[in-house]
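All remarks here apply to the structure that follows.
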Amino acid sequence: MVAGAGLSLLAATGCSSLALAQNSPPKGFVSLFNGRDLQGFRGGDTFDHRKLLAMPESDRAAQVAKWTATMTQPGKDGKPHWRAEGGELVNDGFGAYATTEKDYGDFELLVEYKTVPIADSGIYLRGVPQVQIWDHTEADPQNLGRAKGSGGLWNNTAGAPGKDPSVMADRPFGEWNQFRIVMTGARVSVWLNGKQVVDHALLENYYDRKTPIPARGPVQLQTHGGEIRWRNIFIREIGTEEANRILSTHGESAGYKSVFNGRDFAGWAGPTDNYQVQEGAILCKEHKGGTIYTEQEFADFKARLEFKLPPGGNNGLAIRYPGKGDTAYDGMCELQVLDDNYEKATNSKIDPRQTHGSVYGMIAAARGYQRPIGEWNFEEVTIKGSRIKVELNGTVILDGDVSTVKEFMANSAHPGKDRISGHFGFAGHNDPVAFRAIRIEPL
């Protein structure tokens, strides 16, 4: 959460009981706009939220205060750029963006908006642009995609899923539009006026496309030169169980087959005595380990599973394992399964190529996307030729090609990295790490 005093700008017209009722949240949601003033909002801009958080506290507070001050400055009509008016949050198109003081992770957001011709706006998710709002009737000499309508993740790269809305669902000017936005990890689904326009697309990090978006950040209502009115702005934070269900069921095809029956090790080989089945999950016994693996071999495939770690927990996914030796070196690779706070939990320094999701010793994954210890994480792994992609809790933390790796941790080569098929399994390292809901789809 970024420190910043909430604005308390009362509408000159007062606040009717109708306005209060209008901004009353449905069950399970909270209201971001109370219908009376801008309490809970601060100023913001198109600014990397990570950089804001990294500032010294005094510098961060000064920057936020500077943005926030512009919100109350008068526009051409003498009224503040942002104001509450008759239960509506009104912006004249100028001033800093209305930004929630609170940061959010996974959430469902409901928003109604009404805009005017030639206006251009959007909703930033975790501080990242954006769910697009604009005039679909305006001429488009730059071929920006206006005629396709609002709701797309416009700042994604050209051709990327979700950049353009799948259907044009905008209502005529003068009418209210309704957004429903669901965000799990970096995955975003958008409904505009009851029509789905974005389906589970990854929101790219506008500030640095080589790294994923932040795990948490604010919701921002953009200003872009034209009047826009907002109301009924409600948010519901999504918990772990619901988020995992959304992530694990989306795109689940008949091609995915369970490789673990939840009862015993039928179909598995290796030192299974070092593991146990507990409450439908495979659990490595404490102070035991070794690589257990599916009897079936796979070439290219997608794997989906859930895992849970103890503090300092260490395990790994065996990829194209030959059935003997060390999967990190003799197999194609070991995809690390490790507590993101491993160094703090164990007081042991690790190489970036040892962090969770990394291709052990070869390619480092992005950190900071695990759920708290004791909660189940959802992970999807895609192996295609020499390319490996790891998506953790809806965020792609690694997308690399082992054939291009020339530098190895501790200068230890990985002779198995070019294997084209092998078994899938778990490489235990003495810790009670649990796995469940393990499905594989051959590609």
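Can you tell me which residue is farthest from the chain's Cα centre (by Cα) among those in region 394-412 that are closer than 16 Å to R367 by Cβ and crowded, with 18+ Cβ neighbours inside 10 Å?
Filtering first and then ranking leaves G400.
Do you know which residues across region 184-214 are under 10 Å from the mean Cα position of the chain (by Cα), in a strand (DSSP E or B) and either polar (S, T, N, Q) or more than 18 Å from I133 (Cα to Cα) (or both)?
Selection gives T184, R187, L202.
Which residue pairs have Cβ atoms closer than 6 Å, lie 6 or more positions apart in sequence or on different chains, and pair a first residue in region 154-169 that is touching a residue at least 40 places away in the same chain (Cβ under 8 Å) and surrounded by 20 or more Cβ atoms within 10 Å (Cβ to Cβ) with a second residue that is among the aliphatic types (A, V, I, L, M) and not in a loop (DSSP other than H, G, I, E, B)?
The qualifying pairs are G162/L153; G162/V198; G162/A201.
Step by step: first the residues of region 215-239, then only those that are assigned to a loop (DSSP other than H, G, I, E, B) and of a type in the set (V, I, T), then the one that is modelled with the lowest pLDDT. Which residue is that? Let's see the steps before the verdict.
The initial filter retains those residues of region 215-239 that are assigned to a loop (DSSP other than H, G, I, E, B), namely 215-216, 218-219, 222-227, 238-239.
Retained after the next criterion (residues that are of a type in the set (V, I, T)): 219, 223, 238.
Numbers: V219: 98, T223: 94, I238: 98.
Looking at residues that are assigned to a loop (DSSP other than H, G, I, E, B) and of a type in the set (V, I, T), I get T223.
Among the strands (runs of 3 or more DSSP E) lying completely within region 38-134, list those that include at least 1 residues that are closer than 30 Å to Q196 by Cα and in contact with a His (Cβ under 8 Å, 6 or more places away or on another chain).
Once the strands (runs of 3 or more DSSP E) in region 38-134 are filtered for at least 1 residues that are closer than 30 Å to Q196 by Cα and in contact with a His (Cβ under 8 Å, 6 or more places away or on another chain), what remains is 88-91, 120-125, 128-134.
Between E343, E286, E334, which is closer than 16 Å to H429 by Cβ, touching a residue at least 12 places away in the same chain (Cβ under 8 Å) and not in a strand (DSSP E or B)?
From the options E343, E286, E334, the qualifying one is E286.
Within region 251-270, identify whether any single residue is in a helix (DSSP H, G or I), more than 30 Å from V64 (Cβ to Cβ), among the hydroxyl-bearing types (S, T, Y) and assigned by TED's automatic domain parsing to the domain that holds G312, and answer yes or no. First the steps, then the outcome.
Of all residues in region 251-270, those in a helix (DSSP H, G or I) come to none.
No.
Hey, among R229, R209, which residue is under 29 Å from A84 (Cβ atoms) and not assigned by TED's automatic domain parsing to the domain that holds V396?
Just a single option satisfies the conditions, and that option is R229.
Would a scan of region 139-148 turn up a residue that is part of a loop (DSSP other than H, G, I, E, B), crowded, with 20+ Cβ neighbours inside 10 Å, assigned by TED's automatic domain parsing to the domain that holds Y207 and touching a helix residue (DSSP H, G or I) at 6+ places or on another chain (Cβ under 7 Å)? Spell out how you get there, then give the answer.
Step one: filter region 139-148 for residues part of a loop (DSSP other than H, G, I, E, B), giving 139-145.
When the remaining residues are screened for being crowded, with 20+ Cβ neighbours inside 10 Å, the result is none.
No, there is no match, as no residue in region 139-148 is part of a loop (DSSP other than H, G, I, E, B), crowded, with 20+ Cβ neighbours inside 10 Å, assigned by TED's automatic domain parsing to the domain that holds Y207 and touching a helix residue (DSSP H, G or I) at 6+ places or on another chain (Cβ under 7 Å).
The values are calculated or read from the model by the stated rules, or taken from the named source; none is laboratory data. Model, not experiment: these values are computed from the prediction. Don't worry about glycine lacking a Cβ; one is built from the backbone with ideal geometry, like all the others, and counts go over all protein chains shown.
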